[in-house]
Every structure is written in C-alpha cells, then in structure tokens.
Amino acid sequence: MSTIKIGNQNESESINAVLDTVTLIVEQGDIPCLFMSPKGLLQARKAGPYLLNIGLDFVAISHVRSQGPHLGDATLLRYLQGLQDYVRQVPLPEAEKLGFWIDIVCVPENDRKSLAISQIPIVFQAASAVIAFDQSWAYKRTESMEEACEAIRSSTWFERLWTIQEAAVGRHVFLAFSDRLLSLDAINESLKKHHLPSAKVEPQVEVLDNAGHFKTIMVEKSLQNLAQLQKDIGTHFRRHPAGSETGHLIFNKYGFRWLLRIGYLSMPRFKCLIEPHQYDIAQEVMLQIITNYDTAYEMEAEQVLSAIGCIRLAWEIVPEHGFRVKRKIPGIG
C-alpha cells in the first residue's frame with residue numbers, strides 16, 4: 001500500500017507510487033479509492049469489485065475537473081484532505097473510515113485511462129454515497145434550503161451533463177457547502193417538492209402524455225433508456241462526426257448532450273432545482289424517449305435522428321422555458 005504524508009519533501013515521488021497502486025487496482029477490474037488519515041497520510045486502496053445493488057464502502061466525488069488542482073500541483077494533497085473531511089460528515093455508519101473516489105487520481109493518465117473512464121458509471125452506482133462539489137460552494141454558507149437551491153442552479157456543476165448523470169445514479173447525493181453537507185433528497189423533502197424515502201425504493205412519476213392521459217414513468221427505466229440513447233448517439237456520431245441535418249435543424253454533439261441533460265433532469269431528485277414548468281417539459285421529453293425505446297430498444301445509427309421524436313420538441317420548444325445552454329448550438333439561435 002502506497003502512502004503520502006502532507007509536507008513530505010518527496011511528495012511528487014510518493015504520488016507516483018499511489019498512482020501505480022491505482023493503476024494496478026484498475027487493471028484487476030476493481031474500483032480504486034483514496035483515504036486521507038487525520039494525520040495527513042494519503043493511501044490508495046481497493047474499494048472492491050462492483051456487485052449489482054450492493055453499495056461499496058466508499059464515496060464518489062462528483063465535480064468539474066477544471067475547477068480542481070491537477071496532478072503535480074502543490075495544492076493537490078490539501079485539496080484531497082478537504083474532500084476527506086467532507087466524507088467524514090456523511091451520515092453513514094463508520095464514515096470516518098470511508099475512502100473516496102475522485103477522477104483526478106483514480107483515472108490514471110496512462111494506458112489504463114480508457115478502462116478507468118469506462119468504469120465511471122459503475123463507480124457512481126456502486127458508491128455508498130455521492131458528494132457533489134463546486135468551487136462556488138466552497139465559501140458559501142446555506143442559511144436556507146431555498147438559498148442552497150439557488151447556489152446549485154447557478155453553479156458550473158449543474159450545467160454539465162456528466163455531473164447530472166453522476167447524481168442521477170447515486171444512492172445518496174450530498175452537496176458540499178462550506179458549513180455542511182446537504183442531502184439532495186432532503187432538500188426536496190424540505191421544499192415539499194418530492195420525497196424519496198429510500199434509495200432502495202424505485203420512485204414513480206406520473207406524466208400527462210400527448211393524448212391527455214397520465215402515464216407512470218419508472219425512474220429505473222428512464223435511466224436505462226437515457227444510457228441507451230447516449231450509446232446510440234455515440235454510434236451515430238462515429239459514423240457522422242460533423243453532425244446531421246434534418247429539415248432546417250442541424251444536430252451536433254453539444255445539442256445531443258444538452259438533450260440528454262434535460263432527460264436526466266426529469267428524475268424526481270432534481271425536481272427542487274428547476275422550475276415546475278421546466279420539470280413538466282423535462283418529463284415530456286423523457287416520456288418521448290421512453291415511448292421510442294418501447295418499440296426499438298437499440299436503434300440503428302441511421303434511425304437515431306428520425307426515430308426520437310423528442311429531439312425536435314426539445315430543440316424548438318425547450319429553450320423558451322429557461323433551460324440553460326452553455327454553448328451556442330445550431331438551430332437554437
């Protein structure tokens with residue numbers, strides 16, 4: 001087991017030893033995690049193999065990588081120590097012993113990088129909890145749940161597709177503010193938007209379809225369909241790297257990522273973070289995705305644009321309802 005101590009003159013050599021351990025764990029098909037002792041000793045260790053529906057004893061960190069330090073930065077170890085302090089606050093048994101996964105260290109920059117990246121969805125499903133961290137929250141005190149919601153909505157973390165995906169599949173999601181960790185499900189309960197009694201319970205959402213009838217959407221099915229949609233989109237753009245045109249609309253990768261993000265925002269745990277009319281639109285988009293996959297679970301690349309009826313709806317209607325778009329996308333204006 002590799003160990004680093006903060007302040008050690010050979011920190012750079014020690015971090016390389018930790019990275020070697022992480023690479024070995026990834027090669028073995030297991031999930032690596034880090035643990036920083038109260039004395040400032042950093043260790044890399046094995047969280048264990050992923051087993052369906054069994055949470056492993058570690059916490060996954062969801063963050064925007066560009067906001068944090070990089071390997072070799074002098075502030076890296078203290079940054080990791082701060083994350084370990086948050087992990088100790090997670091309301092889980094023996095939280096003080098839990099390690100954590102973060103991509104800065106646990107996705108090695110070597111020939112095992114692709115393998116580690118492919119494991120990321122599994123990492124966030126397997127973790128006992130997910131901690132979401134944004135630099136703008138680091139010095140933010142939360143006087144109320146409403147104030148916390150506004151801070152989340154205006155953060156870079158909330159703009160990204162992959163961070164929303166990580167929070168969508170997590171068992172328990174906590175947001176790291178300077179004064180405390182806030183549970184995303186607890187925020188929903190406090191604001192009377194939605195209550196998730198347990199991560200084990202598969203919540204249901206009733207959506208009004210185009211025919212004026214209510215249809216029940218199971219969250220697990222939504223997540224499966226969104227994952228398949230992302231796979232189909234990837235297949236399509238491997239064949240058509242420049243994007244595709246249908247009618248007067250040009251679809252590129254950013255546009256599809258934006259569409260996927262709206263689909264993930266239809267999950268009940270994000271209800272407190274968007275306006276009611278936005279949530280209804282997100283549900284409508286998700287309902288169309290599910291309807292399409294009810295007839296074709298896996299789409300051929302050429303069918304992606306024509307078969308997903310929600311694309312035109314999202315492109316032409318959703319921007320009017322206040323969904324934030326980070327990049328200018330052809331067809332939106």
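Output the residues belonging to the stretch 99-136 that are within 15 Å of Arg160 (Cβ to Cβ) and in contact with a strand residue (DSSP E or B) (Cβ under 6 Å, 6 or more places away or on another chain). Of everything in the stretch 99-136, those that are within 15 Å of Arg160 (Cβ to Cβ) and in contact with a strand residue (DSSP E or B) (Cβ under 6 Å, 6 or more places away or on another chain) turn out to be Phe124, Val130, Ala132, Phe133.
Within the stretch 58-88, restricting attention to residues that are modelled with pLDDT of 90 or more, surrounded by fewer than 22 Cβ atoms within 10 Å (Cβ to Cβ) and not in a helix (DSSP H, G or I), the residue that is nearest to the chain's Cα centre (by Cα) is Val64.
Pairing each residue of the stretch 17-46 that is hydroxyl-bearing (Ser, Thr, Tyr) with any residue that is buried (at least 16 other Cβ atoms within 10 Å of the Cβ), provided the two are 6+ apart or on different chains, yields C-beta distances under 7 Å for Thr21/Ser2; Thr21/Ala44; Thr23/Pro108; Thr23/Arg112.
Each row is one residue, and each column tells you yes or no for (1) modelled with pLDDT under 90; (2) within 16 Å of the chain's Cα centre (by Cα); (3) assigned to a helix (DSSP H, G or I).
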site	(1), (2), (3)
Val90	no, no, no
Glu96	no, no, yes
Val105	no, no, yes
Phe124	no, yes, yes
Ala129	no, yes, no
Tyr139	yes, no, no
Trp162	no, yes, yes
Gln165	no, yes, yes
Arg171	yes, yes, no
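Considered as a group, the residues in the stretch 110-135 that are more than 25 Å from Glu94 (Cα to Cα) and of a type in the set (S, T, N, Q) include one that is surrounded by the most Cβ atoms within 10 Å (Cβ to Cβ), and that residue is Gln119.
Are any of the residues in the stretch 157-165 in contact with a Lys or Arg (Cβ under 7 Å, 6 or more places away or on another chain) and surrounded by fewer than 19 Cβ atoms within 10 Å (Cβ to Cβ)?
First pass over the stretch 157-165, keeping only residues in contact with a Lys or Arg (Cβ under 7 Å, 6 or more places away or on another chain): 159, 161, 164.
Pick out the ones that are also surrounded by fewer than 19 Cβ atoms within 10 Å (Cβ to Cβ) and you get 159.
For the stretch 157-165, residues in contact with a Lys or Arg (Cβ under 7 Å, 6 or more places away or on another chain) and surrounded by fewer than 19 Cβ atoms within 10 Å (Cβ to Cβ): present.
The values are calculated or read from the model by the stated rules, or taken from the named source; none is laboratory data. Predicted model only: the values in this text are computed from it and were never measured. Every residue, glycine among them, receives a Cβ derived from its backbone with ideal geometry; neighbour counts consider all protein chains shown.
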